[in-house]
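Computed from the coordinates by the stated procedures, all read-outs in this text should not be read as laboratory data. Predicted, not measured: the structure shown is a model, and the values here were computed from it. For neighbour counting, all protein chains shown are included, and Cβ atoms are generated from backbone atoms with ideal geometry for every residue, glycine included.
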Amino acid sequence: MTVDTVKPGYSTTSEALRLRSWRLGPGQPAMVIDQFTDEDFVCVVDDRADMHISSRDGRLYLGWFPGGRPGSEGDGWVLAVTGTATVPGYRVIFDTETPARLVAAVVAEVIATSAPVRSH
């Protein structure tokens, strides 16, 4: 015996499985890079044309590796935020084919959640 349950908005199972198109390919890295200001970040382009961006305090790092990061399996973007003595940091890696638009959205959120450290 088979019981079919149909979610509201779907009239058949075949509609639920319809093909979709998805954004593919790396896109324009400027969507990511243009979010960083000279006032708050330092940018270095190395001899491989890889770009390294860090916050002036060294707590945020973004690396862009258009040809893949050396020693990795296709890492194209590496975003890292250093933790504190009580809270661990994190690292997010996107491959070389991840659309820049997606990377830009993540970077924008990380930057938006930062705040200047208040001195006592």
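What is the spin-label model distance, in nm, from residue 47 to residue 113 if the labels are put 7 Å beyond Cα along the C-beta direction?
3.8 nm
Give me Rg/Rg_expected for the range 25-112, where Rg uses Cα atoms only and Rg_expected = 2.2 N^0.38 Å with N residues.
Expressed relative to 2.2 N^0.38 Å, the Cα Rg reads 1.05.
Connecting C-alpha atoms closer than 10 Å in a GNM of the chain, tell me which of 72, 55, 21 has the biggest fluctuation.
21
Please build a GNM for the chain, connecting alpha carbons under 10 Å apart, and tell me which residue among 44, 32, 78 fluctuates the most.
Answer for the Gaussian network model of the chain: 44.
How far is helix 100-112 tilted off the main Cα axis of the chain, in degrees rounded to 10, range 0 to 90?
Computed tilt is about 60 degrees.
Given 0.36 nm per residue, what is the gain on full extension from residue 20 to residue 106 after removing their alpha carbon distance, in nm?
Extra length from residue 20 to residue 106 when fully extended: 28.6 nm.
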